[in-house]
Amino acid sequence: MRIEAIIFDKDGTLFDFAATWAGFSRAFVERVSGGDPRRAEMLGARLGFDLETGVFAPDSVVIAATPAEIAEVLHPEMPHLSPAEIVDLLNDEAARVRQVEAVALDPFLQDLRARGLRLGVATNDAEAPALEHLARAGVRAHFDFIAGFDSGHGAKPLPGQLLAFADHVGIAPERVAMVGDSLHDLMAGRAAGMATIGVLTGIAEEAELAPQADAVLPDIGHIPGWLSARMAQAENSGT
């Protein structure tokens, strides 16, 4: 079936996960540890982030959790703050982080728009920093729909954000592709009845993503080739 719209995860998909969020994690830990090395180590462990190597554990809470879920994990190490106050700190630090594009986003997205595709973003980040990241990259205007975990549609792996996008652009879910770097993304896509594309610019490896993906690509830059092959298949089958 022909794809008429694509909804992207943000971190690890539009932006390279490790190159971007290692900086965030290090800055956040330094900010809240008060210069205490032991506390910094404990906070890094809570995040699943090794401060020495800058490497994330495969099950790091930073990979796919919402800021609210991260705050709950951090709260035992920050009992003087409420979870809501920790969320505010996380969102403030996230808005400052330097995003590293997985590919040159502006020409990539321009090409997709020229193909007539409607585009969206569904992230488990909060909406405000997500808008800031996309605006800073100069690509916010390319998207018809941008939703964070706090935008009123729920969070992945539930399909609410994805279905809201399909409804917003008036395209049936089966003609939409969900693109992401984590199982949360692909599970949301499956639950929404969409095609699913895994990319390897996050932490998850191909073997982890493949069972939930119609395709696993090195990065989003390979999507035009995938679309062309899919379109040829659809034309041959008359769908």
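The values are calculated or read from the model by the stated rules, or taken from the named source; none is laboratory data. Since the model is a prediction, treat every value here as computed from it, not as a measurement. Reconstructed Cβ throughout: ideal geometry from the backbone, glycine too, with neighbour counts over all protein chains shown. What goes into the accessible areas is simple: the full protein's heavy atoms, side chains included, and nothing from ligands, DNA or RNA. Shrake-Rupley method; radii C 1.70, N 1.55, O 1.52, S 1.80 Å.
Overview of values
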quantity	calculated
Computed over the chain, Kirkwood Rh from alpha-carbon pairs, angstrom	18.1
Label point distance in nm, Met231-Asp92, each placed 7 Å from Cα along Cα→Cβ	4.7
Hull-based mean projected area of the stretch 22-82, where the convex hull spans the alpha carbons, in square nanometres	3.9
With every protein chain in place, the stretch 101-187: carbon and sulfur % of accessible area (1.4 Å)	52
Accessible area expressed per residue, the stretch 1-151, with surrounding protein chains retained (probe 1.4 Å, Å²)	43
Angle in degrees between helix 17-33 and the longest Cα principal axis of the chain, rounded to the nearest 10	20
Within-10-Å neighbourhood charge of Leu51 [Cβ basis; K, R +1; D, E -1]	-3
Total formal charge among the other residues, if their Cβ is under 13 angstrom from that of Ile146, Lys/Arg +1 and Asp/Glu -1	-3
Rg to Rh, two decimals, where the stretch 141-239 supplies the alpha carbon set and Rh follows Kirkwood	0.97
CD proxy at 222 nm, helix term only [per DSSP H run n ≥ 4: -39500 (n - 2.57); per residue of the chain; nearest 500]	-14000 deg cm²/dmol
Compactness of the stretch 190-239, expressed as Rg and Dmax over alpha-carbon positions, Å	12.2, 38
